[in-house]
Amino acid sequence: LMEEGVMTNINAVMDPELTELVAGDLGVDIDFVQAETLEDKLLTAMDELEDDEASLKPRAPVVTFLGHVDHGKTSLIDKLIGIDVASGEDGGITQHIRAYQIENDGRPISFVDTPGHEAFTEMRARGAGVTDIVVLVVAADDGVMPQTEEAISHAKAADVPIIVALNKIDLPGVDPTRALQDLAANDLLPSEWGGEVEVVKTSATTGEGLEELLETILTVAELNEFKANPDRPAIGSCLESQQDADKGVVTKVLVQKGTLRVGDTVVCGEAYGKVKAMTDPLRPSRRLLEAGPSVPVNLTGLNRAPSAGEPLYVIDDIAAAREIADTRAHAERAEFLGSTGFQAATLENLFD
Ligand code: GTP
Ligand code: MG
């Protein structure tokens with residue numbers, strides 16, 4: 001390796017070409033094989049665990065609000081749920097992904113709010129990735145804007161039904177025709193123009209159209225009959241995670257299959273741990289002992305904050321969970337060093 005100008009050590013990862021080159025020099029034949037890790041074994045088995053038809057029970061639809069900045073996503077969710085998040089946001093801008101579950105006439109619905117600011121593409125993609133239905137919020141006075149178009153492409157990539165909330169319809173002199181034309185130009189032909197996309201005119205300020213929006217969501221949910229098996233080890237998705245001074249690592253998780261319980265051992269990205277406590281994001285003082293499919297929770301007990309978007313798995317073996325998480329953390333570190341430190345340290349540049 002030194003003859004090739006590579007300074008390295010036993011912990012570094014060697015790229016395949018270099019490995020072949022060195023092996024060739026030494027007259028050795030090499031075979032590349034993929035090591036089957038504990039992770040592959042356990043998690044592939046979890047992913048492939050088929051839930052037979054009889055095990056599937058109805059679950060709440062997950063409804064994600066997407067759209068351009070300031071078009072009214074948070075205000076609409078606030079109004080639908082009867083809370084007030086919007087007025088407490090820094091600069092009136094959403095910077096987090098939030099999920100809540102409510103009950104409407106005894107039937108649960110989960111709402112996911114996402115930021116519209118252009119900086120948060122990844123959060124919008126994540127919101128679309130966990131959703132069953134997208135509510136595309138378009139301000140009637142502004143029409144389709146860059147992040148509206150981006151949201152449309154996330155919804156299309158997720159292959160989920162789109163309902164449009166044509167919001168701020170209360171603004172004086174507003175003419176929704178342009179916004180409808182914009183939608184049609186983006187392959188979302190409104191039903192009032194003979195297309196298939198339900199466009200509900202709403203105002204988060206006056207409450208106009210909110211009942212119709214909710215009804216449209218419920219109709220789409222009913223048509224799709226979303227189901228999951230609640231009686232299996234849980235799989236969820238990390239929406240966001242952060243270190244809290246008092247509680248330790250707090251992770252927002254949306255459960256997707258199975259039932260997550262306090263005391264379960266979980267692995268999520270490079271993090272693992274036993275679920276210490278779970279709370280309802282809507283009523284933080286309310287502790288939950290278990291959470292089934294489509295239920296969002298804030299949980300504590302992970303040893304570090306996993307990256308957002310990582311799947312969370314219940315694995316009832318703390319040693320295995322630790323090994324998987326630590327192996328990932330180590331691989332991540334090796335990749336980082338491999339991509340920076342070691343490659344940089346060739347004989348040519350060592351003495352620069
Ligand atoms: P980001 O999350 O930052 O992308 O914004 P958002 O889409 O959540 O918009 P938000 O709910 O924060 O509303 C933005 C501004 O529009 C606020 O000042 C709201 O009061 C106002 N607003 C929201 N909905 C309506 C509406 O229906 N009519 C009127 N007139 N104003 C509205
Ligand atoms: Mg918002």
Helix 146-158: angle to the longest alpha-carbon principal axis of the chain, degrees 0 to 90, nearest 10?
70
Would any residue of region 142-157 have its amide N under 19 Å from a label point 7 Å out along Cα→Cβ of TRP193? List them or say none.
142-153, 156
Sorted by Cβ density within 10 Å, fewest first, the residues ASP31, ASP141, ASP47
ASP31, ASP47, ASP141
Dividing the helical contributions, -39500 (n - 2.57) per DSSP H run of n ≥ 4, by the residues of the chain yields a 222 nm value, nearest 500 deg cm²/dmol, of -8500 deg cm²/dmol
Can you give me the angle between helix 318-337 and the longest principal axis of the chain, using Cα atoms only, in degrees from 0 to 90, rounded to the nearest 10?
80
I want to verify a result. In a Gaussian network model of the chain, Cα cutoff 10 Å, which of these has the top mean-square fluctuation: ASP132, ASP40, ASP159?
ASP40
Express in nm, to one decimal, how much length is gained between ASN186 and LYS274 on full extension, taking 0.36 nm for each residue of separation and deducting their alpha carbon distance.
27.1 nm
If the chain between THR19 and GLU208 were fully extended at 0.36 nm per residue, the gain over the current Cα-Cα distance would be 61.4 nm
For the chain, what number of Lys pairs, 8 or more residues apart or on separate chains, have alpha-carbon atoms under 14 Å from each other?
9
Net charge, ALA179 excluded, C-beta distance under 14 Å - Lys, Arg +1, Asp, Glu -1:
-3
Of VAL266, VAL13, VAL220, which has the largest mean-square fluctuation in a 10 Å C-alpha GNM of the chain?
VAL13
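All of the numbers you see were taken from the coordinates with simple rules; none came from a lab. Predicted model, so just to flag it, every value in this text is computed and none were measured. We place every Cβ from the backbone using ideal geometry, glycine too, and count neighbours over all the protein chains shown.
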